[in-house]
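The values are calculated or read from the model by the stated rules, or taken from the named source; none is laboratory data. Fair warning: this is a prediction, and the values are worked out from it, not measured in the lab. Note that we place each Cβ from the backbone using ideal geometry, even for glycine, and neighbour counts take in every protein chain shown.
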Amino acid sequence: MREPYRTTTVYFQVDPQVPEPRPIELAGDAIRAGGLVAFPTETVYGLGANALDETAVEKIFRAKGRPANDPLIVHIADVSQLPGLAVPVPEIAYRLFQRFAPGALTLVLNKREAVPANLTAGMDTVAVRIPDHAVALALIKAAGRPIAAPSANRFSRPSPTTARHVAADLEGRVDIILDGGPTAIGLESTILSLVRETPQVLRPGGVSLEELRAIVPDLTYQPQYLTDDAAAPSPGSMLKHYSPRATVILFRGDDDLAVWAAMKAFADDHDHVGLMTLEQDVSRFADLDVKVESLGADLDAAATRLFAALRSLDSRGVKWILARAPDTTGVGLAIGDRLLRAAEGVVIDVKPVV
Ligand code: AMP
Ligand code: MG
């Protein structure tokens, strides 16, 4: 077994819009020296290392306790860094980045030799994105090289949307944490593979399929929820992911009243129940002994708050977390995907009341 990466963690507060030069410089030095830096992006916090340094990349896996078969995303500051990582870079990649970069779109391309094998979990493809966050972009420029960065959480825990979440999981396992406040989108990037004939969405995320189809009308998306990673054509698609300590139960159904009734019945029959729901539905549970976490007014707000709500309910000591699966349009697709993984596939399909 690999030893966990151990170090002393130093914290810097940085302005998310106009990051101070000094902490960015120190963090860039740390990346060049082969260290680990956690930094904010617009999706979630990333745990970064020099993408072209195999030993530094290995530290990411050791810090997270991440299995070696789960590849990392490489973060670059602009498209001029693409040819250094991928070959060939197809025309469509430039068109997609022109529309969605910087932003929550990750492209999978054929990798260059220079990209270390551990970063790509031994595959000949590499995942690349340009984050839409001043701190992340400043850090990549200061480091002067692409930065490999998965989410800055321990393996299978909810992704971190604040520096405090990062500290809770990785204190003593990351050299520097750049605290730039809470992240804006709150869900990870959409991953689109361009290495097959037909573009294939491997993970729904911050950019919706509807938006992507405007540029790649023929894209495919085949949700994969594997309980055994061995056979995974797209690695890291394990069912158990984003898991809080409590058991998550997902309720699905079109009949609002029936779904609420099923959630209430579950809450009535169990102790230590927590529940996540949109703000306008919070009052429905007022007469029940449940700890309720509001996800905000709409699905965009819910995306931002989802992982923090899972962690918060955990810290409030609940045994169960109930949530309703959203519609699968727009950002709802990615929210539903994360909820299903947090629930490890436990879904209660609620029949309409006739
Ligand atoms: P994270 O940044 O922690 O959300 O994890 C990155 C995810 O990107 C992995 O779990 C994979 O699902 C995906 N990924 C990274 N590189 C590749 C690749 N070369 N091919 C397919 N998927 C990838
Ligand atoms: Mg992750």
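One residue stands out in segment 311-336 among those that are touching a Ser or Thr at 6+ places or on another chain (Cβ under 8 Å) and not in a loop (DSSP other than H, G, I, E, B): the one that is nearest to HIS272 (Cα to Cα), namely TRP320. Only residues that are in contact with a strand residue (DSSP E or B) (Cβ under 7 Å, 6 or more places away or on another chain), more than 16 Å from ligand 1 (Cβ to nearest atom) and closer than 11 Å to ALA138 by Cα were counted in segment 15-46, giving 2. Of everything in segment 283-299, what is surrounded by 15 or more Cβ atoms within 10 Å (Cβ to Cβ) and not in a loop (DSSP other than H, G, I, E, B)? Give them in sequence order. Residues satisfying the conditions are ARG284, PHE285, VAL290, LYS291, VAL292, GLU293, SER294, LEU299.
Is it the case that ALA267 is over 30 Å from ASP70 (Cα atoms) and either buried (at least 16 other Cβ atoms within 10 Å of the Cβ) or polar (S, T, N, Q) (or both)? Yes, satisfied. If you go through segment 57-97 and keep only what is of a type in the set (Val, Ile, Thr) and either farther than 17 Å from ILE31 by Cβ or within 16 Å of ligand 2 (Cβ to nearest atom) (or both), you end up with VAL57, ILE60, ILE73, VAL74, VAL79, VAL87, VAL89, ILE92. When residues in segment 156-182 are screened for being within 16 Å of ligand 1 (Cβ to nearest atom) and modelled with pLDDT of 95 or more, 8 of them pass.
Residue-wise test of (1) of a type outside the set (A, V, I, L, M, F, W, C); (2) surrounded by fewer than 23 Cβ atoms within 10 Å (Cβ to Cβ); (3) in contact with a strand residue (DSSP E or B) (Cβ under 7 Å, 6 or more places away or on another chain); (4) within 24 Å of LEU333 (Cβ to Cβ).
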residue	(1), (2), (3), (4)
ALA121	no, yes, no, no
ASP124	yes, yes, yes, no
ALA127	no, no, yes, yes
ALA138	no, no, no, no
SER151	yes, no, yes, yes
VAL174	no, no, yes, no
ASP179	yes, yes, yes, no
THR190	yes, no, yes, yes
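Taking only pairs six or more apart or across chains, which ones have beta-carbon atoms under 9 Å, a first residue in segment 144-155 that is at pLDDT below 95, and a second residue that is crowded, with 24+ Cβ neighbours inside 10 Å? As it stands, the answer is PHE155/LYS64, since those pairs meet every condition given.
Conditions tested, residue by residue: (1) within 26 Å of LEU202 (Cα to Cα); (2) within 13 Å of ligand 2 (Cβ to nearest atom).
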{"position": "ILE130", "(1), (2)": "yes, no"}
{"position": "LEU137", "(1), (2)": "yes, no"}
{"position": "ALA143", "(1), (2)": "no, no"}
{"position": "ILE147", "(1), (2)": "yes, no"}
{"position": "SER156", "(1), (2)": "yes, yes"}
